[in-house]
Amino acid sequence: MSVTENQGFNTRAVHAGQAFEPRTGAVVPPLHFSSTYAQDGIGGLRDGYEYGRGGNPTRDALQEQLAALEGGTHAFSFSSGLAAEDSLIRALMRPGDHIVLGNDAYGGTYRLISRVLGEWGIGNTPVDMADLAAVQAAVAANKTRFVWVETPSNPLMKITDIEALAKVAHDAGALLIVDNTFASPYLQTPLALGADVVVHSTTKYIGGHSDVVGGAVVVKDAGLAEKIGFVQFAVGAVSGPMDAFLTTRGLKTLGVRMDRHSDNAQAVAEWLLERPEVEAVLYPGLPSHPGHELAKKQMKKFGGMISVQFKGGEAAARKVAESTSVFTLAESLGGIESLMNYPSEMTHASVKGTELAVPVNLIRLSCGIEDVEDLIADLEQAFTHIQ
């Protein structure tokens, strides 16, 4: 079927880039493993396909799907979220340029920008993205090319006003980059709010089943797309055919999964709020969250991620993290199964000792699609291990 931007999210998720195979009528497009393609004479390419790094029908189908769901015109699928970010920065920045980013950014993003691309001459300033005056000052102080934000942020669950931040970036001649991994395109579409580029770790909610690693960049500007596409081809950190196929399969059910993730997280967050062991519950679906009203405005629901801080400090957080059975202690997030993470020593270990360091009394919950009563019961028994 022909997919249009006026169709609903779930319709686009199921059908964008997924036309049936014309020879047999197979409703699931075939998975193309070929690394190269026959030419009809020198330079006579069939549908533009020449070599697997430059193009693959399975990857192209995923890219069409991603663009349709984020409201972009071009999407690019990479071998990981960090590969996507690295290619984006190399495509659009040059040595001497600067990135202003959130002061609670994902540890891997900060490590890439600071320790890898810093050696290439890319500067950075971490700042509280909720403080627009501080953002403006940081942008003005350097040759800022990117303003980079996660909303909700990882793992402090801060909510940033995308429209307001886009104005700050654009007034300074910079681009606004939004990491939309936590929200997913089902809950939030940053391009519609003024962002220039959306990045994803598709490993997380988009893939959704903890069985594939990938990343994506989505834009709606042809000039940006041309530069990003060139680096994708020239550097070659593309998603393989099987990875693209698995990501597409996960993306088709994103809407129904995110509804369940969000509903489960809301119930778990409300339960946590009443627990005497808990110092703070960081979840934008709670009216007590400082970004609650803004999240209501720019998100459809509040997502499946919760961070919790404990009155018993590091010892209590570690004990809970190591005492669950339905929640699995593991890196990553966004899968159908519930995961528990201790960021200070796991996902954000690379930012210990910096401004981005995560509180040691904090654990991060990725609420899956299990029965919520079982999630709460698992946490309740884990809490009994706190001394």
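The values are calculated or read from the model by the stated rules, or taken from the named source; none is laboratory data. Just so it is clear, the structure is predicted and the values come from calculations on it, not from any experiment. Note that we place each Cβ from the backbone using ideal geometry, even for glycine, and neighbour counts take in every protein chain shown. We work out accessible area using only protein heavy atoms, side chains counted, and drop any ligands, DNA or RNA first. Shrake-Rupley method; radii C 1.70, N 1.55, O 1.52, S 1.80 Å.
Here are the numbers:
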| read-out | value |
| --- | --- |
| The chain - share of DSSP beta bridges that are antiparallel (%, nearest 5) | 55 |
| Label-to-label distance, nm, for residues given as Ile386 and Ala349 (7 Å Cα→Cβ offset) | 2.5 |
| Rounded to 5, the percent of DSSP beta bridges in the range 13-155 classed as antiparallel | 20 |
| Value of D in µm² per second that Stokes-Einstein yields for the range 208-249, Kirkwood Rh from Cα pairs, at 4 °C (1.567 mPa s) | 111 |
| Probe 1.4 Å, protein heavy atoms only - accessible area per residue of the chain in square angstrom | 41 |
| At R0 = 22 Å, FRET efficiency that the Cβ-Cβ distance of Arg260 and Thr328 yields, to 0.05 | 0.80 |
| Projected label distance in nm at Ala234 and Glu337, using a 7 Å step from Cα toward the beta-carbon | 4.2 |
| Accessible area (Å², 1.4 Å probe, nearest 10) - Glu355 | 120 |
| Crossing angle, helix 372-383 versus the chain [Cα axis fit, 0-90 degrees, rounded to tens] | 50 |
| The range 2-50, relative contact order in percent, only Cα pairs under 8 angstrom and at least six apart counted | 19 |
| Over the range 107-203: Rg over Rh, Cα atoms, Kirkwood Rh | 0.94 |
| At 0.692 mPa s and 37 °C, Stokes diffusion of the range 1-160 via Kirkwood alpha-carbon radius, µm² per second | 175 |
| Arg94 accessible area, 1.4 Å probe, all protein chains in place, Å² to nearest 10 | 130 |
| Separation between Cα centres of the range 159-197 and the range 226-299, rounded to whole Å | 15 |
| Calculated from backbone phi, Karplus (6.51, -1.76, 1.60) coupling profile of the range 145-162 in Hz, x at Gly/Pro | 9, 10, 9, 10, 9, 10, 8, x, 8, 10, x, 7, 6, 6, 10, 10, 6, 5 |
| Accessible area of the chain belonging to carbon and sulfur atoms, whole % at 1.4 Å probe | 53 |
| Accessible area in the full protein assembly, largest first, 1.4 Å probe, for Phe230, Phe302, Phe327 | Phe230, Phe302, Phe327 |
| Mean-position separation - Cα centroids, the range 79-142 and the range 314-387, in angstrom | 27 |
| Relative contact order (%) - criterion: Cα under 8 Å, at least six apart; region: the chain | 17 |
| Mean separation of Cα contacts under 8 Å, 6 or more apart, over the residue count of the range 1-96: relative contact order % | 23 |
| Per-residue SASA entry for Asp243, accessible area with 1.4 Å probe, Å² rounded to 10 | 60 |
| Estimated vicinal HN-Hα couplings, Hz - the range 302-313 in sequence order (Karplus 6.51, -1.76, 1.60; Gly, Pro = x) | 10, x, x, 9, 9, 10, 10, 10, 10, 5, x, x |
| Computed label-point distance, nm, for sites Asp47 and Ala315 using a 7 Å Cα→Cβ extension | 6.3 |
| Modelled FRET efficiency - R0 51 Å, Glu270 with Glu226, Cβ distances, 0.05 increments | 0.60 |
| Cα gyration tensor, the range 173-261 - rounded (a/c under 1.5), prolate or oblate | oblate |
| Anisotropy class of the range 293-371 from Cα gyration tensor, a/c 1.5 cut | oblate |
